1. Can we say residue A:91 is surrounded by fewer than 21 Cβ atoms within 10 Å (Cβ to Cβ) and either at pLDDT 95 or above or within 27 Å of residue A:244 (Cα to Cα) (or both)?
2. Residue check: is residue A:249 at negative phi, facing chain B (nearest Cβ under 7 Å), within 25 Å of the chain's Cα centre (by Cα) and not in a helix (DSSP H, G or I)?
3. What about residue B:175, is it free of Cβ contacts under 8 Å to residues at least 40 places away in the same chain, at the interface with chain A (Cβ under 7 Å from one of its Cβ atoms) and not in a helix (DSSP H, G or I)?
4. Yes or no: residue A:69 over 22 Å from residue A:134 (Cβ atoms) and within 23 Å of the chain's Cα centre (by Cα)?
5. Of these, A:102, A:2, which one is outside the structural domain of residue A:171 (by TED's automatic domain parsing) and either buried (at least 17 other Cβ atoms within 10 Å of the Cβ) or more than 16 Å from the chain's Cα centre (by Cα) (or both)?
6. For the structure I just gave you, tell me whether residue B:180 is more than 9 Å from chain A (Cβ to nearest Cβ) and in a helix (DSSP H, G or I).
7. Of all residues in the range A:36-45, which are closer than 24 Å to residue A:86 by Cα and buried (at least 24 other Cβ atoms within 10 Å of the Cβ)?
8. For residues in the range B:216-233 being more than 7 Å from every other protein chain (Cβ to nearest Cβ) and within 20 Å of residue A:215 (Cβ to Cβ), which is nearest to the chain's Cα centre (by Cα)?
């Protein structure tokens, strides 16, 4: 199967990411149908012209006609959904997801999935610090990274379809990683950063601090506004990799603290120069 | 003395902040003169029309005619400058600064300063992660906080002049804090955040991570590009307050790590909800 404007695409879960997918695909000329829990989200999607059709029902006919299904659900809900409704998929259907952890999702879903349906997993590395379709915005995908995490169960055809979906959504860089590589990377780049933001936000609750804040504190805590249900699931599903990155961070933090305590200015400046130099690698590419 | 367009203003140190002050004041119709170390910075300032006159010489006549002098130097260089050149100030002159730590600067300078010159200290809470006049931009002051840190040695007249300078520079919120209150606040809001960014940047140096990064990591490490000389001075001059905030952060981080390790999802979600709620206090006011 190749992606084209007639491909029957179904999105399950119209939240901030599912809504962004719907809007991006609709903008590009696809007709997107969706199933989601709240009627108000479907109304919002109709009013903003980001879907062709939506329902709150798990409609067998709608699922049966879908050739490509994108699951944009919390990880545990996604797995439960597959268990409960996979008999409704049409044979040859390809399903993908947007889940932020991979090993604990991909192998489980591929393990229970019917042989005539293929699951190719992907992670769009772009989000918002708010949840809900009303915060969805396809612009966040532009310039961002999209990671496909195939396993030996995946066909080249499905992998390519998933990559093409990423390109159609507007992602700038499409990569492939194994689920394990993905999870190690995400533990550092995304999960540790969210832990730090939450911890920093709670570390000093003196009154009135907001009156004096500069942008550095605002930047470090932007993601301290966090979807507690989703992120606690993601942390639990990638616990070992996350704990490992948290420990490396604590070690480095304690070393840096000692340099300050001991007045070791040379060592401190060396660490600062290393961080300045390394940070340039992460600058966003100019469009 | 009241600030008006004829006030003779001298800026000493034309870096990213001194240059921003010069540009903002020139934009508002003031004639700004400056003394700085590098001729190329003066040339840049002339070319961009942000100063009326500049020199690399510590010119006695220029200093003698100044009614308001802004020192935008590294803290240790500022203190040395006062020791060496304060005999050149005219009687009644008011001096201010932009230094990021207060207790260890304000009392020392006020202690050695001539009786007929007044030092009123201030901290513009806006910077760039780069140094040098070519990165100066008066727009960063708009919407930002400006903190005046008077002591019992200061007159209401000088405090008001300093506040008016903040308003003329475009700052949205002008506050007063004691040097000690300022330093405690800045240890958390600014110095701890810079420590975290540097430590995070150095905590995992695996190759190729930049290919997969999302904006959360970029936001948390924006300030990991850091002026190592200035910040190591600032950390050293506020060591006790900073170590105290670092310890609170480590305590909170280790608690959060235990929640993850123990799978205590309820506690984790409670911390996330607390951080989400508290973060809304720090949202930037809409202009």
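The values are calculated or read from the model by the stated rules, or taken from the named source; none is laboratory data. Predicted, not measured: the structure shown is a model, and the values here were computed from it. Here the Cβ is made from the backbone with ideal geometry for all residues, glycine too, and neighbour counts use every protein chain on show.
1. Answer is yes for this residue.
2. On the way: at negative phi: yes; facing chain B (nearest Cβ under 7 Å): yes; within 25 Å of the chain's Cα centre (by Cα): yes; not in a helix (DSSP H, G or I): no.
No: the conditions fail for residue A:249.
3. Numbers: free of Cβ contacts under 8 Å to residues at least 40 places away in the same chain: yes; at the interface with chain A (Cβ under 7 Å from one of its Cβ atoms): yes; not in a helix (DSSP H, G or I): yes.
Yes, satisfied.
4. For residue A:69, the condition - over 22 Å from residue A:134 (Cβ atoms) and within 23 Å of the chain's Cα centre (by Cα) - is met.
5. A:2
6. yes
7. A:36, the sole residue that qualifies.
8. Ranking the candidates gives B:230 first.
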